[in-house]
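No value in this document is a laboratory result; all are computed from the given coordinates. Owing to the predicted nature of the structure, the values given are computational and were not obtained by experimental measurement. Reconstructed Cβ throughout: ideal geometry from the backbone, glycine too, with neighbour counts over all protein chains shown.
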Ligand SMILES: NC(=O)c1ccc[n+]([C@@H]2O[C@H](COP(=O)([O-])OP(=O)(O)OC[C@H]3O[C@@H](n4cnc5c(N)ncnc54)[C@H](O)[C@@H]3O)[C@@H](O)[C@H]2O)c1
């Protein structure tokens, strides 16, 4: 949609949003970006579930009923390989035949690589694209369309032979990222157990150009459709690991609270950040949701702060959002009260009386928070959990000096800092006693 807005602005055309299907009768090109989510039946077992294709199938049928026969239908949704030719094409052909149209529907596929955030439109226009069409004409038309909309002079198009190839390219991209993240999950646990700071390790490894795409795994990674096929071993495992990584945050929170002599049950816990990535207000596939759900299951009282999110619909409307069957609520006990969860916009209010603070998202507003100010706002020492390498060693040290306990995903070195602070304190005490 943003792409169309941009195009209209540049060409001084008007953009009209409508729910009237008749608009389709005027289309030269129809871009389809209706969601096609994967519905899991178990948390941490991607093999047990199915793609929810209902909305996509229904839209294709409606489109075929209304478009001129020569209109190009471009699917941009992330779909399972084969969808354009084996699902979309038969649906649309059937409707075309019913309408007495003898030509084939012109179907193409080109997937999104959009990056939500401030540079949203730019991330569409100024980035490389892969596309394909079901026949020569569809391929020619999709190339023409994308060249008009995207800066293909600087970011050339890759045109693949068949839609299944561009559909596969998207899934390979997603799986590649999921696999790197899952691979680092085990090194993250290793780091926590062996006094290693994974953040510094990743930075050290990334200096090597062949390894520059390592990314620190935060608490949550979104899902997508995979073909149900036994040939896949690595990717489903990676998805399962990523899907459950955020549950570990709840364990770290429990451990940090225990170190401070506090029980998780009935502890007041503040989660900083509800969205799925930094500086955006989108909460879909957010790791924070699972953190909140697991901690609630463990008996904690949760509060959330996020400067970009006013309503966290995954909780406020958990009976029906994203749909009656999709809510992650189904995987946890004791979730009823979460319908009342309100997002706080004022940080000092959110902090008041908190027992633990979880840095869940790398929002700009959280990167430079002063530990002394945090502890004062909370009214005393808190358990601090860093999910994204947000705290530098200096801040970690200050939290310990203020009587807090600190834990972090992949941040085993905090124990060393804790020991240093304890030893310094013991030395000071000895000196004081010596003087007395
Ligand atoms: N947002 C991203 O960052 C991103 C990145 C890469 C790929 N994608 C792909 O793009 C797709 C769309 O992403 P999005 O963020 O825009 O999702 P979205 O859920 O915001 O948009 C889907 C839209 O489809 C509409 N819709 C649902 N059923 C419909 C129907 N029957 N008829 C007409 N419209 C219908 C919904 O109302 C909604 O506006 C994703 O499913 C994914 O495959 C998105």
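So here's what we get for this one:
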{"read-out": "Cβ-derived FRET efficiency at R0 41 Å, residue 393 paired with residue 14, nearest 0.05", "value": "0.15"}
{"read-out": "Per principal axis, descending, Cα span of the chain in whole Å", "value": "100, 50, 49"}
{"read-out": "Extension gain, residue 155 back to residue 423 (0.36 nm per residue minus Cα-Cα distance, nm)", "value": "90.9 nm"}
{"read-out": "Pairwise label distance in nanometres, residue 259 with residue 234, each label 7 Å out on the Cα-Cβ vector", "value": "3.5 nm"}
{"read-out": "Rg(Cα)/(2.2 N^0.38 Å) for region 84-163, N = residue count", "value": "1.28"}
{"read-out": "Rounded to 10°, Cα long-axis angle of helix 234-244 versus longest principal axis of the chain", "value": "50 degrees"}
{"read-out": "Scattering curve values for region 154-299, log₁₀ I(q)/I(0), Debye with Cα scatterers, q = 0.15 Å⁻¹", "value": "-0.95"}
{"read-out": "From the C-alpha gyration tensor of region 2-168, square roots of 5λ in Å", "value": "24, 22, 17"}
{"read-out": "Modelled label reach - residue 297, point 7 Å along Cα→Cβ, region 384-403 residues with backbone N closer than 18 Å", "value": "none"}
{"read-out": "Kirkwood-based Rg to Rh ratio, region 246-425, C-alpha trace", "value": "0.96"}
{"read-out": "Convex hull volume per residue in cubic angstrom - Cα atoms of region 81-215", "value": "152 Å³"}
{"read-out": "Angle between the chain longest axis and helix 414-435 axis [Cα atoms, degrees, rounded to 10]", "value": "20 degrees"}
{"read-out": "Kirkwood Rh, Cα atoms: Rg over Rh of region 311-410", "value": "1.05"}
{"read-out": "Antiparallel bridges, percent of DSSP beta bridges restricted to the chain (to nearest 5)", "value": "20 percent"}
{"read-out": "Extended-chain gain in nm, criterion 0.36 nm per residue less alpha-carbon gap, residue 104 and residue 58", "value": "14.7 nm"}
{"read-out": "Share, in percent, of DSSP beta bridges within region 2-168 that are antiparallel, nearest 5", "value": "40 percent"}
{"read-out": "Between region 21-36 and region 290-340, the Cα center-to-center distance that results, in Å", "value": "34 Å"}
